[in-house]
1. Does His287 satisfy the condition of being part of a helix (DSSP H, G or I), open to solvent by less than 60 Å² (accessible area, probe 1.4 Å) and touching a Phe, Trp or Tyr at 6+ places or on another chain (Cβ under 9 Å)?
2. Which residue is modelled with the highest pLDDT, if the candidates are limited to the range 39-57 and must be farther than 24 Å from Tyr152 by Cα and open to solvent by less than 70 Å² (accessible area, probe 1.4 Å)?
3. Tell me which of these Ala318 doesn't satisfy, since it passes every other one: (1) of a type in the set (Gly, Ala, Ser); (2) at positive phi; (3) in a helix (DSSP H, G or I).
4. Looking only at residues that are surrounded by 13 or more Cβ atoms within 10 Å (Cβ to Cβ) and either modelled with pLDDT of 85 or more or hydroxyl-bearing (Ser, Thr, Tyr) (or both) in the range 187-198, which one is nearest to Arg292 (Cα to Cα)?
5. Starting from the range 340-355, take each residue that is under 12 Å from Met330 (Cβ atoms) and open to solvent by less than 50 Å² (accessible area, probe 1.4 Å) and list its partners that are of a type outside the set (A, V, I, L, M, F, W, C) and in a helix (DSSP H, G or I), counting only C-beta distances under 8 angstrom and pairs at least six apart or across chains.
6. So, in the range 298-335, of the ones that are open to solvent by 90 Å² or more (accessible area, probe 1.4 Å), without any contact (Cβ under 8 Å) to a residue 24 or more places away in the chain and not polar (S, T, N, Q), which residue ends up farthest from Trp220 (Cα to Cα)?
7. Which residues, counting only those in the range 334-377, are within 20 Å of Met314 (Cβ to Cβ) and at pLDDT below 75?
8. For the structure I just gave you, tell me whether Ser279 is modelled with pLDDT under 85 and small (Gly, Ala, Ser).
Amino acid sequence: MIFLNLDMNISVMQLYYFYRQNGDSTICMTKQQHAEHTLEFIWLDSLRHDLVGNADAWQQQVYAQTGLVLNEFHLKDLLNIEHPCNFDSLEAYDLLMFRKLISPDDQIFENETALESHESVLGLATTPMSFILTPNVLLSVREKGNKAVENYIQRLDLIQGRGIAEQNAPRKLPNSPADLSLRLLNSMIDGYLDLRSPLTRRVEYWQQQLLQGNRRFKQWHQLFHENMAFQHIENLCEEQIETLQEFRDELVDNYQHVVGEHKHKAQDLLLVRLNDLMSHVERVQKHTLRLRVAIQSTIDLHFSAIANQTNENMRILAIITAVFAPLTLMTGVYGMNFEFMPGLSAPMGFWLMLAVMLLSTLVLLYYFYRQHLVGRGERSVIDLLAQQHKQRNFNLLWFLDFEPIKQTLKEVEKMTKLK
C-alpha cells in the first residue's frame, strides 16, 4: 500500500504494479517497483470520497503516480454520485462509468443527499464505479464498502504474497488495464444473478396476497413502488448493456488505442469477457421483465376475479328478483280494495292462492335450473356458448312470422305509403 502525503485530508490509495517476466509470457504483480522486469501496467485504486473537497490535490497525486491529466468535465462526472452509466473516449484515455446494484453484502453508507431519489421499497439502490483506461494505466474510482472490488483486492493481496513463479498457478493475472477492468466488472455483475431469488419471492408474495388473501387488498401503494423497482432494474440493465456495447465497439475499432500497439493476441479473450458480461446483464433484465409481466398478469387476474364475483352477486340478486316478481304481482292484485273479487269469499281461496304462488316459484326455479342459471355451474364453456346462441335465436315476437299476419302487415304498409 502506497501512502501519498501530498495532502493530509486525502486517505490511502492502493497502487499495484503488473510486470511481465523477462523471457516469459506470464504476468506477476507487486506493490513495489522492480527494474528487473518489464512493466506492463499499473492499477491505482481510489475512493470517491478522496475527491470530495480535494479534487485538485487528488489530481496532483494521480499525475505524480500515473502521469494522467483528467478533463475537468470528467472530474465533475467522477464527483457526481448519480451519474448514469457512460463510456467516453478521448485521445489520452477512455472513461467507463458503471453503476452497480448495492447488494446486502456491501457496506456502502451514504448520507441523505447522496442516496438516489428513486430508491424503492425493496431497498434497491446503485453506486457508481469509474474506470479510466490507458494502455499502461488503470485508474478506478469507487465507493468505500464495495465488497465485490474489495474481495478482488484481497485475492490480489494473497497472490502478491506468493512467489513470482507461483502467482499464476490458480488463475492467470490480467495482462492489460482493459482485462483488469473487465474482471472487476465481472465480480460486480456476478452478484446480480443472486437477486433473482429474492425478487421472485417478492412476486410470489404479491401473487398470494392478490389471489389468495381473505381480506380486501389495500397495499396498492407498496405494490406499485415495487413494480417501479423492477422498472428501475430494467432501465439500469439497459444502460449497462449500452455502455458495455460502446466499450466493445471501441475494442473492435480502436483496439491498439485501448490496450497498446504491442498487444494483439488478447483481443478475442477480451471480447469473450465482454460478451459474457452483457449476457449476464441480459439474463437479469429478462428475468426482471418476466417478473413484471407476472405481477401485471396477477393484477389483471385479481380484477377479473372481483368482476366475476360482482357478476355472480348480481346474478343471484336477479334470480331472487325474478322469483319474487310473480308473487309480488299476485299479492298486489289481491290487495286491491274492491268489494267484489273472485275468490275472496271462498273458504279455500287463501290456500289456492298460496298453492299458485308456490307453483309459480317452483316453475321459475325449474326454468332457471334448465337454463343453467342456478346450480350446475360446472357446465363447459362450449355448452354455455351453445346455450347463448340458442337464446339469441329465440324470438319473443314469434307470432309475427305467421304468414297471414305477414301479408296483412305488408298491405297496411302499402296503404300507409299511398296516403
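The values are calculated or read from the model by the stated rules, or taken from the named source; none is laboratory data. In this text the structure is predicted, and so the values were computed from the model without any measurement. For neighbour counting, all protein chains shown are included, and Cβ atoms are generated from backbone atoms with ideal geometry for every residue, glycine included. What goes into the accessible areas is simple: the full protein's heavy atoms, side chains included, and nothing from ligands, DNA or RNA. Shrake-Rupley method; radii C 1.70, N 1.55, O 1.52, S 1.80 Å.
1. Here the answer is no, as His287 does not meet what is asked.
2. Ala57
3. Going through the list (1) of a type in the set (Gly, Ala, Ser); (2) at positive phi; (3) in a helix (DSSP H, G or I), Ala318 breaks only (2).
4. Once the filter is applied, the top-ranked residue is Tyr192.
5. Once the first residue is under 12 Å from Met330 (Cβ atoms) and open to solvent by less than 50 Å² (accessible area, probe 1.4 Å) and sits in the range 340-355, its partners that are of a type outside the set (A, V, I, L, M, F, W, C) and in a helix (DSSP H, G or I) give Gly343/Gly349.
6. The selected residue is Tyr334.
7. Gln371, His372, Leu373, Val374, Gly375, Arg376, Gly377
8. So Ser279 fails the test.
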